[in-house]
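Here the structure comes first, spelled out in structure tokens, and everything after it is commentary.
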Amino acid sequence: MSAVIVVHGGAWAIPDELAQASVDGVKSAACQGFSVLKGGGSALDAVEAAVRMMEDNTVFNAGHGATLNNNGDVELDAIIMDGKTLACGAVSSVKNIANPVSLARAVMDKTSHVMLTGSGANQFAESMGVETVPTDALVTEYERKEWEKHKTYVNGVMEDFNAQWAHDTVGAVALDCTGNVACATSTGGIRNKKIGRVGDSPVIGSGGYADNFSGAVSCTGHGESILKVTLARLIVSHIEQGKSVSDASQLSLQYMGERVHGAGGSIVVSPSGQWAATFTTERMAWAAAQQDELCGKNTSAT
Amino acid sequence: FFFSLRCKAEGGHAPSQRHVALLPPFPLRDFLCLRSQVPKMTTIYVFSNVVSGRGSVLNVKGDVEMDALVMDGKTLASGAVSAVRNIANPVQLARLVMDKTSHACLTAEGASKFARAVGIPEVSQESLITEYARMRWTKNLAPDANPVESQMGKMGTVGAVAVDREGNIACATSTGGMLNKMEGRVGDTPCIGSGGYADNQTGAVSTTGHGEAIMKVTLARLILFHMEQGQTVEAASDVGLAYMKSRVGGLGGVVTVDPQGGWGARFNSLQMAWAAAQDDRLHYGLYAGERFSESLQTP
């Protein structure tokens, strides 16, 4: 039984100046998650560790380095799911915390709910002793400058995304040594989004899904399109029908492109250790670790 | 043309004429304008003449936070709001999210800000709270209370699925959520694929029941996957509900429709008030196995 972790740092037209840092970031996160698995840790712990690392890395649009909404604020979304029990935790539009994926984990582990939003999510964070981080600490100079530049444009999400200005999401999927799969996804959303806009990331079946019987998926890309086709759950349904992880991913992303004209990417792992990193955008930073291999890429879509 | 409506029931009484909407044929675009065309309802709050959203359950702090979803099976466009306060018709706001923004979901204060921006009137929280809701909230403050169980089938979500004459399919779902839920708790209702899903190629589902369980199995989307593989609306609905019960221990109910006008109202909770209109017949029921039927023709 081999353990696997796959991570992504977002599917979008990553500009050259961010490319190397993105690849370095996903490789580090994959190594981090893999060391958890090698030590006998759970898939859940591995995906949380990998995503936390990317949340802390300002090159990615999650936690530190998150993008700003149209009010100049940071609102964060995240999800984590346990393929064994289908237990799930998610937060949407939570503010001033460094690691939304861990808050999502706490929702799953410490409450009888699956999802908390807004000030309710923040109150829960406070009750759990999660440290409050000032917005300024989460926002990079680069993001502030980009946000100022685009503040004057009245652009829909689709135009932004297709114009390659949008930042993106981070995620991870893993298979551990006991055969459990898990997924996690975290994001700051879309730059200049309306206050309170919730994308695909924290929505179960869209931003991610995990089921020990079929596999775990984390998605990235045009959030509204991912929601329309419930992309993660769609990929899982193809696997349930007997398709390979690679075919399931490609078919689903192709469908999303044809039916709703959205582009994106996905990472998938199956209970037997098959994995895939697939994208229909220009680029997606991803990395996977399986046994002693470590491979990472940042090339054009195939 | 087909229209199926599911609503929460009060107590456990069999639905009387006053509990069931009379639904004349109408084009799908007027779907959400039904409110002005039906007689005053006491239980179907989405469609009542009085302030809708009224009757919502209260969160643990005694406040009303509402969730809603609407989806267009033709384009897969959807609109949703979660944890929105002080508005009468969350489903209307969800529709506006779909029609007037490039987003699919707005939450909490952001949803309220959008409501103000599009001229939706703010209503007092008091106007949304009924004596019954307050009584149930008080009871569930007791440490040994079981809000999920006490709510099942009684104070649930409302929803609808429809197929129009052109073959377009849609769904809508709206709720105050779970009795005594944590502040900011979002259930299945505004989550696409869980609270509802609609696709002209396959059908539409609107769900109700134990929200967290529905989310874990993405119940609406699951039922449609079964229909895509050739199962009937009833079989697919039953399989989905049975899976939810066995895999995650949750109960619930669904209304489902397919592009040919096949429909089902299925549940494994003790009761679910439902009504369906097709051709000139109105069908309705409350307890398992019930299916009353009457003519829709006005005398």
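The values are calculated or read from the model by the stated rules, or taken from the named source; none is laboratory data. Please read all numbers here as calculations on a predicted model, not as lab measurements. All Cβ positions, even for glycine, are placed from backbone atoms using ideal geometry, and neighbour counts span all protein chains on display.
Here are the numbers:
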quantity	calculated
Among (1) buried (at least 24 other Cβ atoms within 10 Å of the Cβ); (2) out of contact with any Asp or Glu (no Cβ under 9 Å at 6 or more places or on another chain), the one test that B:ALA198 misses	(2)
B:VAL248 vs. criteria within 30 Å of A:GLY207 (Cα to Cα) and buried (at least 19 other Cβ atoms within 10 Å of the Cβ)	no
Condition met for A:TYR153 (modelled with pLDDT under 95, more than 12 Å from chain B (Cβ to nearest Cβ) and in a loop (DSSP other than H, G, I, E, B))	yes
Meets criteria (outside any loop (DSSP other than H, G, I, E, B) and either under 15 Å from the mean Cα position of the chain (by Cα) or more than 13 Å from every other protein chain (Cβ to nearest Cβ) (or both)) for A:SER272	no
Tally of residues being out of contact with any helix residue (DSSP H, G or I) (no Cβ under 7 Å at 6 or more places or on another chain), among the charged types (D, E, K, R) and facing another protein chain (nearest Cβ under 10 Å) across the range A:222-260	2
Residue in the range A:203-221 that is in contact with a Cys (Cβ under 6 Å, 6 or more places away or on another chain), facing chain B (nearest Cβ under 8 Å), closer than 30 Å to A:TRP147 by Cα and outside any strand (DSSP E or B) present	yes
Conditions (1) buried (at least 24 other Cβ atoms within 10 Å of the Cβ); (2) more than 24 Å from A:SER272 (Cα to Cα); number of the one not met by A:VAL23	(1)
Residue within the range B:224-242 that is assigned to a loop (DSSP other than H, G, I, E, B), within 14 Å of chain A (Cβ to nearest Cβ) and surrounded by 20 or more Cβ atoms within 10 Å (Cβ to Cβ) present	no
Test: residue in the range A:15-28 that is touching a strand residue (DSSP E or B) at 6+ places or on another chain (Cβ under 9 Å) and within 15 Å of A:ALA184 (Cβ to Cβ)	yes
Top-ranked residue in the range B:85-102 [being within 11 Å of chain A (Cβ to nearest Cβ) and under 24 Å from A:ARG191 (Cβ atoms); ranked as surrounded by the most Cβ atoms within 10 Å (Cβ to Cβ)]	B:VAL97
Answer from A:SER92, A:SER42, A:SER102 - the residue that is within 14 Å of chain B (Cβ to nearest Cβ) and in contact with a strand residue (DSSP E or B) (Cβ under 9 Å, 6 or more places away or on another chain)	A:SER92
Of all residues making up the range B:103-129, the number that are surrounded by fewer than 22 Cβ atoms within 10 Å (Cβ to Cβ) and either within 11 Å of chain A (Cβ to nearest Cβ) or not in a loop (DSSP other than H, G, I, E, B) (or both)	7
Single residue of A:MET115, A:MET158, A:MET108 found to be within 21 Å of the chain's Cα centre (by Cα), at pLDDT below 95 and under 30 Å from A:GLY215 (Cα atoms)	A:MET158
Residue within the range B:165-178 that is within 12 Å of another protein chain (Cβ to nearest Cβ) and over 23 Å from A:ALA232 (Cβ atoms) present	yes
